[in-house]
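Have a look at the structure below before the remarks.
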Ligand SMILES: [Zn+2]
């Protein structure tokens, strides 16, 4: 089973593994030009084919993922056995139509972002390839909610807090795209940590297109162990933070204080910041710690 490009492993070369597969190969991907980017992102991880030729794109969906072809050898993404069309990225959900052979059905995922479509396609394709039976695959996909810091939501003091993990440029770009889909300009606290699990080198924030949210936010607070550097990056992107607070709890409290009852505060966090903030929030809410939950 091979995606049109693997968003985790990061290159169309993964799709080219199909050339060497000895078993059945099932391909999946997105076929929805309406969510294509205007151009390939700066943060793309792969510019070249396995032959060394330059990749060009009919549609770039995120990073290097999209409808690609090699100008040198003529390799292309190829046909998709399982595909998503008519993708709409909403503020808190994502809709598309899944086509697989003679089957097609609408899907509404309770999470936002183009990468969630790839996750859903991968899950469906794997289950189908294994011969698992579906009663209602659209409903079953819709029942898979957010998990552990990935668009997880909590109620704190009458405000909704949403945790959006972002730990690399492509992931952050997709989070920003989802925030742009909000009906109202979002209130955001961003956290940049440089722990071992985050990567000590924080220069990756310059590869992310933070500029896409400039002028579209109600509130921006910079936090984390590298709050000052994040504040500089935000300033250069045209999003000068309203506050810069390295202390994560103070930053969350400042964000909550600026959020009216019933409103939503979005926390965009690197990995260790997510662990720290989530644990502190879980103590203030009824949210279980992850080791207390059952999959
Ligand atoms: Zn090539």
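Mind checking which residues of the range 67-89 are modelled with pLDDT under 90 and under 23 Å from residue 111 (Cβ atoms)?
Passing the criteria: none in range.
Return the residues of the range 47-74 that are surrounded by 15 or more Cβ atoms within 10 Å (Cβ to Cβ) and away from the ligand (no atom under 12 Å from the Cβ); say none if nothing qualifies.
57, 59, 60, 61, 62, 63, 64, 65, 66, 67 - these are the residues of the range 47-74 that are surrounded by 15 or more Cβ atoms within 10 Å (Cβ to Cβ) and away from the ligand (no atom under 12 Å from the Cβ).
As an exercise: evaluate residue 31 against (1) at pLDDT 85 or above; (2) away from the ligand (no atom under 16 Å from the Cβ); (3) more than 24 Å from residue 85 (Cα to Cα) and give the number of the one condition it does not meet.
Unmet condition: (3).
Return the residue satisfying two criteria in turn: it lies in the range 75-87 and is assigned to a strand (DSSP E or B) and in contact (Cβ under 8 Å) with a residue 12 or more places away in the chain, and of such residues it is nearest to the ligand (Cβ to nearest atom). Can you show your working first?
Taking the range 75-87 first, the residues assigned to a strand (DSSP E or B) are 76, 82-87.
Now restrict to residues that are in contact (Cβ under 8 Å) with a residue 12 or more places away in the chain: 82-87.
Numbers: 82: 25, 83: 23, 84: 26, 85: 27, 86: 31, 87: 28 Å.
Going through the qualifying residues, I end up with 83.
Would you say residue 23 is away from the ligand (no atom under 14 Å from the Cβ), modelled with pLDDT of 85 or more and out of contact with any strand residue (DSSP E or B) (no Cβ under 6 Å at 6 or more places or on another chain)?
Values: away from the ligand (no atom under 14 Å from the Cβ): yes; modelled with pLDDT of 85 or more: yes; out of contact with any strand residue (DSSP E or B) (no Cβ under 6 Å at 6 or more places or on another chain): yes.
Criteria met by residue 23.
Within the range 88-128, take every residue that is more than 21 Å from the chain's Cα centre (by Cα) and part of a helix (DSSP H, G or I) and give me the one that is surrounded by the fewest Cβ atoms within 10 Å (Cβ to Cβ).
Ranking the qualifying residues of the range 88-128, first place goes to 127.
The values are calculated or read from the model by the stated rules, or taken from the named source; none is laboratory data. Predicted, not measured: the structure shown is a model, and the values here were computed from it. Using ideal geometry, Cβ is built from the backbone for each residue, glycine included, and neighbour counts are taken over all protein chains shown.
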